[in-house]
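Chemist: Before we start, here is the structure in question, set down as structure tokens.
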Amino acid sequence: MDAVRALSLFSGGLDSILATRVVMAQGIEVLAVRFITPFFGDAFLRDPAGYRREMREKYGIEAMVVDVGEDYLQMLRRPAHGFGRYFNPCIDCKIFMLKRARMMMADYGASFLISGEVLGQRPMSQRRDTLNIIERDSGCRSLLLRPLSAKLLKETEAEQQGLVDRERLLDFSGRGRSRQIALANEFEITDFPAPAGGCILADPILSRRIARVYDGAFVVNQENMRITDIRLMLIGRQFLLPEGGWLILGRDEKEALRLDELREAEDIALFVEERPGPLAVLRRARTAAGSTAAVGDLAAAAALVARYAKKIRGRPAPARVVIVDGSSRREAVAEPIADEAFADWVI
């Protein structure tokens, strides 16, 4: 008899780990699929092999990462089921992931899908009626097995066909975690993430930055937004300058390195060489035809770089700011701007 295979929607959280292991315990081959967008899991794209190795060593799970960022941005424009408390389209997000996983089934010889959802655990996306909507709109009504709550839900095809023993599935419900932790101990899993929202779209501060794009109140809009724009929104101090420019200012060396890695040809970089200070990027400030940055915004950006450069005798001091604009490089002496003068610029 050929081996039974399944794909697991894998977030890396305890519930998805346990759901995957519960099915694996029945001798079923499971491939855990970690979907990646700029809003969750983005760092794993830098070392997918390392991520696969870590999941295998920690949990005995075979995992893969799949970048769905571009398509996810399109979904975010008009989620059919709306947003949660912040800018999180939880129901449409789950539908999106399931649709993508269903499309992958044939390529991997999978008979069904797995998710770590627990009935009643989340008020928006894990109510019984919501779970039914997710199944219906994703086209996965008979394909999706939720092992942790399966005994409280209708049988799936995998159970009806005898691919999975329903008696060995579970009846978890509600927001408590004690049963999950007990099950993790049974599987000898001790190193697992603490329960926390891992999606940036549910973060009260970062989600407001991203919502600006979709509200049309920003330099970048829905039509011209790129993955890099989202990644830049998640770094450092952010400012919307008086003449409309978008400035990102790194807070430490790590952020400065990341900014330098992400900045593109149309961005203008500003920094101080004479003493420690931040790298700043004026996003999309120039075109192939030449610089389009407003003079006032360049001056404001330089003043902010001077403000956050290392203080002299405990006070912000003027700085010689280097401005890199395409192939040109020049310097300008900038006075540090007073905090109250830029309070309204902070995003």
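Chemist: Among the residues of the range 335-347 satisfying the criterion of being part of a loop (DSSP other than H, G, I, E, B) and either surrounded by fewer than 19 Cβ atoms within 10 Å (Cβ to Cβ) or out of contact with any Lys or Arg (no Cβ under 6 Å at 6 or more places or on another chain) (or both), which is modelled with the lowest pLDDT?
Modeler: Checking each candidate, the answer is ILE347.
Chemist: Of the residues SER173, SER111, only one is small (Gly, Ala, Ser), assigned by TED's automatic domain parsing to the domain that holds VAL68 and under 18 Å from SER8 (Cβ atoms); which?
Modeler: That would be SER111, the only listed residue that is small (Gly, Ala, Ser), assigned by TED's automatic domain parsing to the domain that holds VAL68 and under 18 Å from SER8 (Cβ atoms).
Chemist: So, in the range 22-61, of the ones that are of a type in the set (A, V, I, L, M) and within 30 Å of THR228 (Cα to Cα), which residue ends up surrounded by the most Cβ atoms within 10 Å (Cβ to Cβ)?
Modeler: ALA32
Chemist: Which one is farthest from ASP267 (Cα to Cα), of the residues in the range 301-347 that are of a type outside the set (Val, Ile, Thr) and in contact with an Asp or Glu (Cβ under 8 Å, 6 or more places away or on another chain)?
Modeler: PRO318
Chemist: Still on this structure, I have one more. Being among the β-branched types (Val, Ile, Thr), under 17 Å from ILE337 (Cα atoms) and surrounded by 18 or more Cβ atoms within 10 Å (Cβ to Cβ) is the requirement here; does VAL305 meet it?
Modeler: The answer is yes for VAL305.
A quick yes/no check of all residues on (1) in contact with a strand residue (DSSP E or B) (Cβ under 9 Å, 6 or more places away or on another chain); (2) closer than 22 Å to VAL220 by Cβ; (3) outside any loop (DSSP other than H, G, I, E, B); (4) in the same structural domain as VAL213 (by TED's automatic domain parsing):
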site	(1), (2), (3), (4)
ARG251	yes, yes, no, yes
GLU261	no, yes, yes, yes
ALA265	yes, yes, no, yes
GLU274	yes, no, no, yes
VAL281	yes, yes, yes, yes
LEU298	yes, yes, yes, yes
LYS310	yes, no, no, yes
VAL321	yes, no, yes, yes
VAL333	yes, no, yes, yes
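Chemist: Further, regarding this structure: Mind counting the residues in the range 80-119 that are touching a residue at least 12 places away in the same chain (Cβ under 8 Å) and surrounded by fewer than 17 Cβ atoms within 10 Å (Cβ to Cβ)?
Modeler: 6
Chemist: Let me ask another. How do the pairs read when you match residues in the range 320-347 that are free of Cβ contacts under 8 Å to residues at least 12 places away in the same chain with residues anywhere that are surrounded by 15 or more Cβ atoms within 10 Å (Cβ to Cβ) and assigned to a strand (DSSP E or B), using Cβ under 8 Å and keeping only pairs 6 or more apart or on different chains?
Modeler: Pairs that qualify, where the first residue is free of Cβ contacts under 8 Å to residues at least 12 places away in the same chain and the partner is surrounded by 15 or more Cβ atoms within 10 Å (Cβ to Cβ) and assigned to a strand (DSSP E or B), are ARG329/VAL322; ARG329/ILE323; ARG330/VAL322; ARG330/ILE323; GLU331/ARG320; GLU331/VAL321; GLU331/VAL322; GLU331/ILE323.
Chemist: Please specify each residue of the range 213-242 satisfying the condition of being in a loop (DSSP other than H, G, I, E, B) and either modelled with pLDDT of 90 or more or β-branched (Val, Ile, Thr) (or both).
Modeler: VAL219, VAL220, ILE235, GLY236, LEU241, PRO242
Chemist: Could you identify the single residue in GLN180, GLN238 that is polar (S, T, N, Q) and more than 30 Å from GLU54 (Cα to Cα)?
Modeler: Result: GLN238 is the single residue among GLN180, GLN238 that is polar (S, T, N, Q) and more than 30 Å from GLU54 (Cα to Cα).
Chemist: Let me confirm something: among ARG21, ARG53, which residue is assigned to a helix (DSSP H, G or I), in contact (Cβ under 8 Å) with a residue 24 or more places away in the chain, more than 20 Å from ASP107 (Cβ to Cβ) and of a type in the set (D, E, K, R)?
Modeler: Matching residue, one of ARG21, ARG53: ARG21.
Chemist: Only residues that are free of Cβ contacts under 8 Å to residues at least 60 places away in the same chain and either touching a Pro at 6+ places or on another chain (Cβ under 6 Å) or surrounded by 17 or more Cβ atoms within 10 Å (Cβ to Cβ) (or both): list them for the range 189-227, please.
Modeler: Hits for the range 189-227 are LEU206, VAL213, PHE218.
Chemist: Among the residues that make up the range 158-166, is at least one of them of a type in the set (A, V, I, L, M), in contact with a Phe, Trp or Tyr (Cβ under 6 Å, 6 or more places away or on another chain) and over 30 Å from VAL4 (Cβ atoms)?
Modeler: No, the range 158-166 contains no residue that is of a type in the set (A, V, I, L, M), in contact with a Phe, Trp or Tyr (Cβ under 6 Å, 6 or more places away or on another chain) and over 30 Å from VAL4 (Cβ atoms).
Chemist: Being in the same structural domain as MET24 (by TED's automatic domain parsing), more than 15 Å from ILE91 (Cβ to Cβ), loosely packed, with under 15 Cβ neighbours inside 10 Å and not charged (D, E, K, R), is that true of even one residue in the range 143-161?
Modeler: Scanning the range 143-161, I find at least one residue that is in the same structural domain as MET24 (by TED's automatic domain parsing), more than 15 Å from ILE91 (Cβ to Cβ), loosely packed, with under 15 Cβ neighbours inside 10 Å and not charged (D, E, K, R), so the answer is yes.
Chemist: A follow-up question, please. Going residue by residue through the range 125-139, is there one that turns out to be over 27 Å from the mean Cα position of the chain (by Cα) and at positive phi?
Modeler: no
The values are calculated or read from the model by the stated rules, or taken from the named source; none is laboratory data. As the structure is a prediction and not an experimental result, all values here were calculated from the model. Here Cβ is always computed from backbone atoms with ideal geometry, including for glycine, and neighbour counts include all displayed protein chains.
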